[in-house]
Amino acid sequence: MMERTRSSKVAEVTLGFWVMKILATTLGETGGDAVSMSLGLGYLIGTAIFAVVFALAVTAQMQAKRFHASLYWFTIVATTTVGTTLADFADRSLGIGYLGGSALLLALLCASLYLWHRTLGSVAVSSVTSSRAEAFYWLTIMFSQTLGTALGDWMADSMGLGYLGAALIFGALLLVLAGLYFGSRLSHVALFWIAFVLTRPLGAVVGDFLDKPIDHGGLALGRFAASAALLALMVVCFFVFPQRPARRTQTAIPAPSGLS
């Protein structure tokens, strides 16, 4: 049985995509902290504010008739900001801890990918050509962004690696994944989602490095200043890199075993 497809409304995965994604995740860290910490609103209120923004952005994205690059990247940034405050609320306010929060969110992410694949037959970006696939896409991204925040904090703080040490590790892992993508027969879809998750903790620790005090291992640029600079870089990259929708493919139902 074939599901009727339409034009994709999500971005094509290119070098520009990864640059924009890392900038967006870093902006999400500094922006989320600016609202919850610098403005003193706290993690719960900050999460509520960003959850509303995220819900509105996803609704607009889902209702759009075609790919709008600006709307897509706004929605990505919305997932990173709510992911930042939500992970901090769970890890710190609820006392779950970085490791416990990471484990819980990893389970949710895996469940989302499993249900998506089980339902539609593929979790590839190129298969996001229906409303159901797009819903799974944004749910999975939401979990991955929140997981990345908790994972970044765990590596930098709990493991004692510091912001630069953690950034080097996550950056090295992404380079390994790039090598595997081009030099191995491993599933490109699986490698994509692993890389997608890892860009979030990279952005989290880089964001913390930019805005944390010098005596805490940061550059003390300030959360609002760092956010403004990152937003400006995103705007430049938005116009420098071509913005295209992912190529459309058809997906079969039911799904075979394994990622495809």
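The condition of being touching a Ser or Thr at 6+ places or on another chain (Cβ under 9 Å), of a type outside the set (Gly, Ala, Ser) and either farther than 20 Å from Glu29 by Cα or without any contact (Cβ under 8 Å) to a residue 12 or more places away in the chain (or both) holds for only one of Trp138, Trp116, that being Trp116. The set of residues from region 61-75 being more than 16 Å from Glu12 (Cα to Cα) and basic (Lys, Arg) comprises just one member, Lys65. Would you check if Ala124 is buried (at least 23 other Cβ atoms within 10 Å of the Cβ) and touching a residue at least 60 places away in the same chain (Cβ under 8 Å)? No, not satisfied. Exactly one residue among Leu175, Leu151 is within 23 Å of Phe209 (Cα to Cα) and crowded, with 21+ Cβ neighbours inside 10 Å, and that residue is Leu151.
For every residue, the table says whether it meets (1) surrounded by fewer than 16 Cβ atoms within 10 Å (Cβ to Cβ); (2) among the basic types (Lys, Arg); (3) closer than 19 Å to Lys21 by Cα.
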residue	(1), (2), (3)
Ile49	no, no, no
Phe54	no, no, yes
His68	no, no, yes
Thr75	no, no, yes
Tyr98	no, no, no
Tyr114	yes, no, no
Thr129	no, no, no
Arg132	yes, yes, no
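Scanning region 203-245 for residues that are among the basic types (Lys, Arg) and within 23 Å of Ala156 (Cβ to Cβ) yields a count of 2. The lone criterion from (1) of a type outside the set (Ser, Thr, Tyr); (2) within 17 Å of Thr85 (Cα to Cα); (3) assigned to a loop (DSSP other than H, G, I, E, B) left unmet by Asp153 is number (3). Within region 99-135, being over 30 Å from Asp88 (Cβ atoms), more than 16 Å from the chain's Cα centre (by Cα) and in a loop (DSSP other than H, G, I, E, B) holds for Gly121, Ser122, Thr129, Ser130.
Of all residues in region 80-92, those that are closer than 11 Å to Leu44 by Cα have Cβ atoms under 8 Å from Cβ atoms of residues that are surrounded by fewer than 24 Cβ atoms within 10 Å (Cβ to Cβ) and modelled with pLDDT under 85, 6 or more apart or on another chain, in Ala90/Ile96. With respect to the conditions (1) of a type in the set (A, V, I, L, M, F, W, C); (2) buried (at least 17 other Cβ atoms within 10 Å of the Cβ); (3) touching a Gly at 6+ places or on another chain (Cβ under 8 Å), Leu164 lacks only one, and its number is (2). Against the test of being on the phi > 0 side of the Ramachandran plot and at pLDDT 90 or above, the options Gly162, Gly97 yield a single qualifying residue, Gly162.
The values are calculated or read from the model by the stated rules, or taken from the named source; none is laboratory data. Keep in mind it's a predicted model, so treat the numbers as computed, not measured. Using ideal geometry, Cβ is built from the backbone for each residue, glycine included, and neighbour counts are taken over all protein chains shown.
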